[in-house]
Amino acid sequence: MSEHPSSAGPATSGRSRFDERLSVPFWWYLFGAGIAVLLGAEIHMGYPGVRSWIGYVVLIPLSLLVVWRLGAARVQITGTELIAGDEHLARADVGRVQIVPKDRKQQALGPELDPTAHVVHRSWVGPVVRIEVTDPASPVPYWIVSSRRPEELVAALDRDPGR
């Protein structure tokens, strides 16, 4: 066994052309921790001794974990596919791409929304991008993906997937 690390890079599908985490605003962590402290105080007042601290020990990390999970969604474009949330779409199956501005988002996610569409929407992110799926075997007609940088997402999708 060699002590020197391998010079080969990780076995991935290449460098991401676009990578965005749809994270929550920082103040949400403070708000979540504050709510957990208030709930912990309710438990603290009701139980004497060591049991009084159980509310804090459990609720504060739990609230921070919940807030972190809310913002854990990721949008990535690699050389061969678009990844939004847990779903993958081959870049060869990407059709028309359009940016839906923040003021039209309610219409796009309400009356105009196809119930079979794949949606990765985060309400704290302004615009969304609508991505048509051209694969005839796919039951999904299009994807709607939230993005803070929709122009960069569209530009990364428009680049030739073979490069």
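Figures for the structure shown
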quantity	calculated
Heavy-atom accessible area per residue - the chain, 1.4 Å, Å²	64 Å²
Inter-probe distance in nm under a simple model that places probes 7 Å from Cα toward Cβ, at Y29 and H121	2.8 nm
At q = 0.21, 0.23, 0.26, 0.34 Å⁻¹, base-10 log of I(q)/I(0) for region 106-148 (Debye sum, equal scatterers on each alpha carbon)	-0.66, -0.76, -0.92, -1.27
Structure-derived Rg/Rh (Cα atoms, Kirkwood Rh): which label, when the choices are (i) 1.14; (ii) 2.07; (iii) 1.06	(i)
Spin-label zone in region 115-133 - amide nitrogen under 17 Å from a point set 7 Å from the Cα of A92 along the C-beta vector	133
Over region 31-80, volume per residue of the alpha carbon convex hull, in Å³	62 Å³
Considering only the chain, percent of DSSP beta bridges that pair antiparallel, nearest 5	90 percent
Accessible surface of the chain, 1.4 Å probe, proportion on carbon and sulfur as whole %	59 percent
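The values are calculated or read from the model by the stated rules, or taken from the named source; none is laboratory data. Owing to the predicted nature of the structure, the values given are computational and were not obtained by experimental measurement. In this analysis, Cβ positions are derived from the backbone assuming ideal geometry, glycine residues included, and neighbour counts consider all displayed protein chains. Ligands, DNA and RNA are excluded from the accessible area calculation, which covers all protein heavy atoms including side chains. Shrake-Rupley method; radii C 1.70, N 1.55, O 1.52, S 1.80 Å.
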